[in-house]
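For reference, the structure is listed below as structure tokens.
Bear in mind these aren't lab numbers, they're just calculated from the coordinates by the rules spelled out. Since we're looking at a predicted model, the values are computed, not measured. A quick note on method: Cβ atoms are made from the backbone with ideal geometry, for glycine too, and the neighbour counts reach across all protein chains shown.
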Amino acid sequence: MIERELLVANRLGLHARASARLVQVLSGFRCNATLIAKGREVNAKSIMGVMLLAAGPGTDVVLRVDGEDEAAAADAVAELFGRNFDEDA
Amino acid sequence: MRLAVSGHGASRGSAMGCARVRLPHVLEVTEQYVEDVEGELDRLHAAIDVVRGEMQALRKRLQGAMAQEIGEFLDLHALLLDDPELLQGLDTLIRNERYSADYALRLQRDRIAGVFTGMDDAYLRSRIDDIDQVIGRLHAALHRRDGEVRGVAGEILVADNVAPTELLQLQAQGVMAVVTAGGSTLSHSAILARSLHLPLVVGAPQALLKINDGDVLVVDGGTGLVVREPDASDLRDHRARTREYARERKQLNRLRREPSRTLDGVDIKLWANAESREDVAEAHALGAAGIGLYRTEFLFLNSNVLPDEEAQFRAYRDLVLGMTGRTVTIRTLDVGADKADRTGLALTDEPNPALGVRGVRLSLLRDALFETQLRAMVRASGYGPVRILVPMVCCREEMVAVRALLARVIADLRREGHEIAEQVPLGAMIEVPSAAIALPGFIGLADFLSIGTNDLTQYLLAIDRNNESLGELYTPLHPAVLRLLHSVITLANKQRKPIAVCGEMAADPAFVPILLSMGLGEFSMHPATMLEVRRAVRSCDLSRLRARAPALLRATDRAGIEKWMAAVAA
């Protein structure tokens, strides 16, 4: 199990589009993934779950991954956050 | 306040009742339980697969800027469709509570909506719309599978569209009439509504916007007029129309025992197209020459498993017995294109199903299935005259292959000791232009012919008859259609091959003079319109019409053809 602290730094936060990107990236991995923010935990592979977290810009989140490919999954998600979910602005 | 909305009259009849509005994709499901939990889960997951396929197909069609913009929504919807939380929730509701998939969808939707509407962020809050769209699609897919519709006796359904399978149920539930925003007068639903004598108005988009549940409506399926909150004169008109339709029906009923004979004494053969036991009984009572077209798809589409030889044999034998010695024409399987498929027979995901694996093409690819069907048909011939009709033939080779298989089946059955008819005539449907044009090269391989004018028109004109935006462009009143029909009928008559028209054209009394003038002697139609066609035949003078055929074939456009029709009717 790996936990990684991440900062939502893109302009819109974890809105539909960014949430979709996150779920799409994670769908390529077999490990379980949980996103924790504002005292709540959601399934990070569920688009509804991620949206319901309503993590706006500046929110600190924790990604918890658990499974054989957890390290690669954590890196891929960290990279996505680092690229601000490929948002242009 | 009184409001008149006009659409196209698709099925005659006058009806009055309270409106029941069905908005597209709304969940109006009440608590329902199921016995077969695994079956219900299968049903749900099959619907999910259907919706996923629809989305993928939509995605492929998108191009350019649209692809960017709508593509993102579709991605979101695709993710929602596969959302583990959504799916597990549904599975749990069905498995633990034994709820129906429909009800589980609704509960899950309400649960999710409750959370979303509590969100501070307006943008995220409105994502419930996306979830609703996905759930709505799922619900529609479930709907299409079981064709489940709720109608209430005495009501008039107002909907965006109506599927043929729904019409049957709606009528059984006592619905008086149907008004749809979309649709055309030539769609399958319209054809079926006419055969059910269920008033139907199509192409009335205003109806969906202006009519609310409970509004009193008067609907005229003849003119397409729909009146909300009718006034005294509307009520008077409705009563007059109802009387008029009843009188018409009574007059027609007197023709039940009359021959289908022209004014100059020529008997025209009227066959019945039949799909159900009721159709067969009605055909018999109306004095049909026999069954001109029995579609076997229904045997396949109404059950979730492929019917075996015994099951098919019993169905065909009962059909033969029902017609008490009159000839029965059974068409081999014609699935594909516009027919829903539940048995996994047709290849799905064809980019162009109307031009895909359907009709005899499918049968020849699945020869074990085809052989089973032929065996069942030939065995039924031991109980009365049976003819076998092959759909979607497009070339000589197909008839050669079918003939060979049929010969083998007949030889096998004789060897096995079955009592079968000495002759089991084999016929070809002429509904693909290539077959009509190349017919001189293989007419010898057919014992009889049947022209499917619906598909022939669609393929010849390259017009999808269910495409609403093309509307009235789909019509057999096109010089190309008439000339091709004329050449096929003339050839068959010359070769002394019995030939019938079994498409919608044969069921429309207005087209009777056209077909008679070309020399057609056999018509096949649903029993519901047989008396109207008989009345038309009885008012025609065949020799006069035959003499006017050249003028008809000289017509260069629809207006010219309609002028000819008006002239011969005068």
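Using a Förster radius of 30 Å, what is the FRET efficiency between B:Thr223 and B:Glu54 based on their Cβ-Cβ separation? Nearest 0.05, please.
Working: r = 36 Å, r/R0 = 1.19.
The value I calculate is 0.25.
Considering the options B:His418, B:Leu255, B:Ala436, tell which one lies farthest towards the positive end of the dipole of the protein assembly as shown, charges being +1 on Lys and Arg and -1 on Asp and Glu at the Cβ, about the Cα centre.
The Cα lying farthest towards the positive end belongs to B:Leu255.
Could you work out the longest stretch of chain B that avoids the GluC sites (Glu not before Pro) located in DSSP loops with at most 15 other Cβ atoms within 10 Å?
Details: sites that count: B:Glu28, B:Glu31, B:Glu35, B:Glu148, B:Glu416, B:Glu419, B:Glu422.
Counting only loop sites that pass the neighbour cut-off, the longest clear stretch is B:149-415.
How would you rank B:Val320, B:Val178, going from fewest to most other Cβ atoms within 10 Å of each one's own Cβ?
Working: B:Val320 26, B:Val178 32.
Placing the least packed residue first, the sequence is B:Val320, B:Val178.
For the residue pair B:Asp412 and B:Glu350, what label-to-label distance in nm results when each label sits 7 Å from Cα along the Cα-to-beta-carbon direction?
Output for this residue pair reads 2.5 nm.
Which value, in debye to the nearest 20, describes the size of the charge dipole of the stretch B:159-242 about its Cα centre when Lys and Arg Cβ atoms bear +1, Asp and Glu Cβ atoms bear -1, and nothing else is charged? Numbers along the way, then the final one.
Values: 6 positive and 9 negative charges, 52 e Å.
I would put it at about 240 debye.
Contour minus end-to-end for B:Asp264 and B:Leu306, with contour as 0.36 nm per residue of separation and end-to-end as the Cα-Cα distance? List each step's numbers first, then the result.
Working: separation 42, 0.36 × 42 = 15.12 nm, distance 4.91 nm.
10.2 nm is the gain from fully extending B:Asp264 to B:Leu306.
Would you mind working out the magnitude of the charge dipole of the protein assembly as shown relative to its Cα centre, with +1 at each Lys and Arg C-beta and -1 at each Asp and Glu C-beta, to the nearest 20 Debye?
Numbers: 78 positive and 89 negative charges, 772 e Å.
With only Lys, Arg, Asp and Glu charged at Cβ, the dipole is about 3700 debye.
Evaluate E = 1/(1 + (r/R0)^6) for A:Gln24 and B:Arg111, where r is the Cβ-Cβ distance and R0 equals 41 Å; express this FRET efficiency to the nearest 0.05. Intermediate results must be reported in sequence, preceding the final value.
Values: r = 25 Å, r/R0 = 0.60.
Between A:Gln24 and B:Arg111 the formula returns 0.95.
For the stretch A:2-86, what does the convex hull of the Cα positions come to per residue, in cubic angstrom? Each step should come with its number before you reach the end.
Values: hull volume 6.1 nm³, N = 85.
Here the figure is 72 Å³ per residue.
Using the Kirkwood radius over C-alpha pairs as Rh, can you work out the diffusion coefficient of the stretch B:258-569 via Stokes-Einstein at 37 °C, viscosity 0.692 mPa s, in µm² per second?
Numbers: Rh = 19.9 Å.
The estimated diffusion coefficient comes to 165 µm²/s.
Give, in nm to one decimal, the length gained when the segment between B:Asp447 and B:Gln423 is fully stretched (0.36 nm per residue of separation minus the Cα-Cα distance).
On the way: separation 24, 0.36 × 24 = 8.64 nm, distance 1.03 nm.
Once the chain is fully extended between B:Asp447 and B:Gln423, it gains 7.6 nm.
Residues of the stretch B:168-184 with the amide nitrogen closer than 14 Å to a label point 7 Å from the Cα of B:Gln206, along Cα-to-Cβ, please.
Hits in the stretch B:168-184 for B:Gln206 at 14 Å: B:181.
Take B:Glu397 and A:Ala72, extend 7 Å from each Cα along the Cα→Cβ direction, and tell me the distance between the two endpoints in nm.
Placing both labels 7 Å beyond Cα along the Cβ direction yields 4.7 nm.
Just from its helices, what would the mean residue ellipticity at 222 nm be for chain B, if runs of 4 or more DSSP H residues each count -39500 (n - 2.57) and the sum is divided by every residue, rounded to the nearest 500 deg cm²/dmol?
Value at 222 nm, helices only, nearest 500: -15500 deg cm²/dmol.
Using the Cα centre as the reference, give the magnitude of the dipole from point charges on the C-beta atoms of chain B (Lys, Arg: +1; Asp, Glu: -1; all else neutral), rounded to the nearest 20 debye.
Details: 68 positive and 76 negative charges, 659 e Å.
Here the size comes out at about 3160 debye.
Loop by DSSP (not H, G, I, E, B), at most 11 other beta-carbon atoms within 10 Å: where is the longest site-free stretch of chain B for trypsin sites (Lys or Arg not before Pro)?
Working: sites that count: B:Arg2, B:Arg496.
That gives B:3-495 as the longest site-free run.
Just to verify a number: FRET efficiency for B:Leu369 and B:Leu235, C-beta to C-beta distance, R0 = 41 Å, to 0.05?
Details: r = 55 Å, r/R0 = 1.35.
Step by step, r from the Cβ atoms, then E = 0.15.
Compute the Rg/Rh shape ratio of the stretch B:186-264: radius of gyration over Kirkwood radius, all on alpha-carbon atoms. Walk me through the intermediate numbers first.
Numbers: Rg = 16.4 Å, Rh = 15.1 Å.
A ratio of 1.09.
Given B:Gly224, B:Val134, B:Leu208, which one lies farthest toward the positive end of the charge dipole of the protein assembly as shown, if we put +1 on the Cβ of every Lys and Arg and -1 on the Cβ of every Asp and Glu?
Checking the options against the dipole of the protein assembly as shown, the answer is B:Gly224.
In the stretch B:426-570, how does Rg compare with the Kirkwood Rh, expressed as the Rg/Rh ratio over alpha carbon atoms?
Values: Rg = 14.6 Å, Rh = 15.5 Å.
Ratio of gyration radius to Kirkwood radius for the stretch B:426-570: 0.94.
Just the Kirkwood number for chain B, please: inverse of mean 1/r across all distinct Cα pairs, in Å, one decimal.
Values: mean 1/r = 0.0385 Å⁻¹.
Computed over chain B, the radius equals 25.9 Å.
In the protein assembly as shown, how does Rg compare with the Kirkwood Rh, expressed as the Rg/Rh ratio over alpha carbon atoms? Mind dumping the intermediate values first?
Values: Rg = 29.5 Å, Rh = 28.3 Å.
That ratio equals 1.04.
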